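Report on the structure given below.
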Amino acid sequence: MSVPTVPRSVFYVTGTRADFGLMADVLARIHAHPGLQLKLAVTGMHLSPAFGDTVREIEARGLPIVVRIPTEVESRSPAAMARGIGQMVVALTEVLERERPDLMLLVGDRGEMLAGAIAALHLGIPNVHLHGGERSGTVDEPVRHAITKLSHWHFVATATSRERVIRLGERPEHVWVTGAPSLDGLGAVLGAPRGQTLARLGLGAGARYVLVLFHPVVQQMHDAVTQTHALAEALERVASEHDLHLVWLEPNADAGSGGILQALDAAMARLGDRLVRITHLAREHYLEALRHAEVLVGNSSSGIIEAASLGTPVVNVGDRQRCRERNANTWDCRVDVVAIKGALRQALVHGRFSPTNVYGDGHAVERIVRLLVETPLAADLLEKVNTY
């Protein structure tokens with residue numbers, strides 16, 4: 001790999017434990033590379049005690065934070081989400097004017113990523129988008145495609161995603177299949193000691209558990225309480241049948257998450273010692289918990305992407321991931337007590353899968369870093385026109 005004489009500066013904005021977790025290895029490799037210079041903006045849930053003050057995990061890795069941008073996350077409303085995008089556009093415009101990075105790195109479909117794409121585009125900074133071209137349904141999908149249309153280079157996870165980005169009018173020579181960076185290093189998790197994971201989760205030796213991670217669907221925010229009650233009832237019945245514990249991670253800050261927490265409060269009284277409720281798990285500890293779970297139940301993208309590389313069965317509940325490419329380890333069901341029970345029982349009967357994954361081979365990070373270092377910044381890169 002050739003190294004530029006002057007390092008390229010790469011700016012990344014992180015607002016959630018989820019985006020930082022899947023990008024942590026990419027960011028660390030960028031920071032360590034002599035041909036690249038990393039600059040981080042930290043915002044959103046990272047700066048909130050209610051979500052675990054996860055900025056401390058970024059600090060612990062020694063990554064360079066150039067700005068911290070507080071936003072409204074604890075009100076958990078649609079208006080707060082919309083205002084947050086506006087606040088981020090203003091704040092990031094000021095920071096990008098000062099820092100003048102060579103590239104803006106973006107991932108997925110979060111509002112802070114959309115804000116970063118808007119600010120960078122107007123300041124003449126090329127946007128590099130990871131995980132474009134994926135379908136999910138809900139509000140996430142149009143935001144993801146909007147970021148794609150504001151971006152100049154596209155590092156996608158699958159061949160199908162590449163075809164979709166090209167059909168959106170992007171230049172084929174600017175769309176690369178790198179795979180999902182969250183899969184890099186998962187082989188080491190396969191050997192994580194089960195006893196150590198159980199102790200960390202507060203479970204006894206030999207305990208079996210279902211891992212639960214259920215986020216709100218913004219368009220269905222008013223149904224969040226009812227949906228969570230249905231999920232909790234189904235989990236309670238099957239857990240009792242199979243002598244399982246429920247390790248339930250609290251949701252993100254999207255509109256409707258307050259309803260999920262309200263329903264989870266009510267479920268705790270019924271489930272008692274069978275329920276372990278956790279605000280936040282560090283990325284490596286979450287992956288170990290996912291590795292040793294009997295099943296992951298909920299609607300997290302980690303069930304669609306990472307779980308297959310660990311062989312963990314997944315019951316995907318509701319609409320949040322309904323259009324994603326699937327691996328063989330996934331059962332889809334409605335947010336309905338009977339449907340959830342049926343899918344969960346099938347997953348428990350099947351047991352673990354062989355670790356294979358449509359989202360990549362675990363070598364995405366090296367591909368991404370090589371492209372960031374070696375790809376020429378063409379003179380016409382910022383001249384965005386559709387190819388059709």
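Enumerate the strands (runs of 3 or more DSSP E) found wholly within segment 272-388, keeping only those where 2 or more residues are touching a Leu at 6+ places or on another chain (Cβ under 8 Å) and not hydroxyl-bearing (Ser, Thr, Tyr). Before you say what the answer is, go through the steps one by one.
Details: elements: 275-278, 295-298, 314-317, 330-333.
In segment 272-388, the matching strands (runs of 3 or more DSSP E) lie at 275-278, 295-298, 314-317.
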message: What pairs come out if I take residues in segment 224-245 that are closer than 17 Å to ARG320 by Cβ and open to solvent by less than 70 Å² (accessible area, probe 1.4 Å) and pair them with residues that are among the acidic types (Asp, Glu) and outside any helix (DSSP H, G or I) whose C-beta lies under 8 Å away, six or more apart or interchain?
response: ALA230/ASP336
- prompt: Tally time: how many residues in segment 41-77 are in contact (Cβ under 8 Å) with a residue 24 or more places away in the chain, out of contact with any strand residue (DSSP E or B) (no Cβ under 7 Å at 6 or more places or on another chain) and not in a loop (DSSP other than H, G, I, E, B)?
  reply: 5
- prompt: Restricting the first residue to segment 5-29 and requiring it to be more than 19 Å from SER302 (Cα to Cα) and among the basic types (Lys, Arg), which pairs with a second residue that is open to solvent by 40 Å² or more (accessible area, probe 1.4 Å) and not in a helix (DSSP H, G or I) meet a Cβ separation below 6 Å and a spacing of at least six or different chains?
  reply: ARG8/ASP102
field: Exclusive hit being in contact with a His (Cβ under 9 Å, 6 or more places away or on another chain) and either touching a residue at least 40 places away in the same chain (Cβ under 8 Å) or surrounded by fewer than 22 Cβ atoms within 10 Å (Cβ to Cβ) (or both), set GLU250, GLU284, GLU306
entry: GLU250
statement: Considering residues that are open to solvent by less than 20 Å² (accessible area, probe 1.4 Å) and not in a helix (DSSP H, G or I), the number found within segment 8-29 is 8
- request: List every residue pair whose Cβ atoms lie under 6 Å apart, where the two residues are 6 or more positions apart in sequence or sit on different chains, the first residue falls within segment 100-129 and is part of a strand (DSSP E or B), and the second residue, located anywhere, is among the acidic types (Asp, Glu).
  value: VAL107/ASP19
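In segment 268-278, which residue that is open to solvent by 60 Å² or more (accessible area, probe 1.4 Å) and either of a type in the set (Val, Ile, Thr) or at pLDDT 90 or above (or both) is nearest to ARG200 (Cα to Cα)? Before the answer, list the steps.
If we filter segment 268-278 for residues that are open to solvent by 60 Å² or more (accessible area, probe 1.4 Å), which is where we start, we get 268-270, 273-274, 277.
So of that shortlist, the ones also either of a type in the set (Val, Ile, Thr) or at pLDDT 90 or above (or both) come out as 274, 277.
On the way: ARG274: 16, ARG277: 12 Å.
It comes out as ARG277.
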Qualifying positions in segment 131-148 - closer than 22 Å to GLU383 by Cβ and either touching a strand residue (DSSP E or B) at 6+ places or on another chain (Cβ under 9 Å) or in contact (Cβ under 8 Å) with a residue 40 or more places away in the chain (or both): GLY132, GLY133, ILE147, THR148
query: Tally time: how many residues in segment 30-40 are outside any strand (DSSP E or B) and touching a residue at least 60 places away in the same chain (Cβ under 8 Å)?
result: 3
- prompt: Would you pick out the residues in segment 319-334 that are surrounded by 22 or more Cβ atoms within 10 Å (Cβ to Cβ) and either modelled with pLDDT of 95 or more or in contact with a strand residue (DSSP E or B) (Cβ under 8 Å, 6 or more places away or on another chain) (or both)?
  reply: ASN329
- prompt: What is the residue count in segment 113-172 for residues that are closer than 29 Å to GLU99 by Cα, among the β-branched types (Val, Ile, Thr) and buried (at least 21 other Cβ atoms within 10 Å of the Cβ)?
  reply: 5
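Out of curiosity, is HIS215 open to solvent by 10 Å² or more (accessible area, probe 1.4 Å) and either among the β-branched types (Val, Ile, Thr) or under 30 Å from ALA267 (Cβ atoms) (or both)? So that I can check it myself, show each step before the final result.
Details: open to solvent by 10 Å² or more (accessible area, probe 1.4 Å): yes; either among the β-branched types (Val, Ile, Thr) or under 30 Å from ALA267 (Cβ atoms) (or both): yes.
When the stated conditions are applied, HIS215 passes them.
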message: Taking the conditions exactly as written (modelled with pLDDT of 90 or more, among the acidic types (Asp, Glu), under 17 Å from SER77 (Cα atoms) and in a helix (DSSP H, G or I)), does ASP265 satisfy them or not?
response: no
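Which one of GLU112, GLU170, GLU134, GLU141 is farther than 16 Å from SER301 by Cα and within 16 Å of the chain's Cα centre (by Cα)?
Numbers: GLU170 fails: within 16 Å of the chain's Cα centre (by Cα); GLU134 fails: farther than 16 Å from SER301 by Cα; GLU141 fails: farther than 16 Å from SER301 by Cα.
Among GLU112, GLU170, GLU134, GLU141, only GLU112 is farther than 16 Å from SER301 by Cα and within 16 Å of the chain's Cα centre (by Cα).
The values are calculated or read from the model by the stated rules, or taken from the named source; none is laboratory data. Keep in mind that this is a model prediction, so the values were computed, not measured. Methodologically, a virtual Cβ is constructed for each residue, glycine included, from the backbone with ideal geometry; neighbour enumeration extends over all protein chains shown. Each accessible area value is taken on the protein alone, full model and side chains, heavy atoms only, with ligands, DNA and RNA left out. Shrake-Rupley method; radii C 1.70, N 1.55, O 1.52, S 1.80 Å.
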